[in-house]
Amino acid sequence: MAHAGCGCPGSMARVIERNEATENENTVKAASELRQWPVQLHLVPPTAPWFQDSEILIAADCVAFALGSFHSDLLKGKALAIACPKLDDSTPYVEKLARIFSENNVKSITVAIMEVPCCRGLDVMVRQALAQSGKEIPLETAIIGINGERRN
């Protein structure tokens, strides 16, 4: 007998229907807006030079795959850190983010999360870290729908 689990609604399998566009030989490929490496929050050093005098994007791992215009709409001109509040060991995230905010001249923070409930944890962690840093930095949250549309 199969177990009908009731986990996070964000884990529910879904098929996303798309209209197949006709391939155009003249299609221009979008350039990457990535400005640094590494991008995983566990790996980025809090004093990395790209955080100094920067706008920072902290994105849930799935956002770049769901939002087709991720690079042009969210990443362009920003330092990036990615994380998954559901799958990563997020215990050290608040402390690390607080260090990034307090040890650098951060101009703004954008948190990009998916619409699923478990993703809200990343927004909560960033807000806790900002409070812990003692700084007042403009913060915006971008919520991305599973179908790839921006919800706000």
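Rule-based calculations on the coordinates, nothing more; no lab input. Since this is a predicted model, take the numbers as computed values, not measurements.
Relative contact order of segment 27-152, taken over Cα pairs closer than 8 Å and 6 or more residues apart, is 29 percent.
Partners of residue 135 within straight-line reach, counting lysines whose Cα lies under 21 Å from its Cα and excluding those fewer than 8 residues away in the same chain: 78, 96, 107. Using a ≥ b ≥ c from the Cα gyration tensor of segment 34-109 (square roots of the eigenvalues), is it rounded, prolate or oblate, where a/c under 1.5 gives rounded and otherwise the larger of a/b and b/c decides, a/b for prolate? Oblate shape, in that a/c is at least 1.5 and b/c is the bigger or equal ratio.
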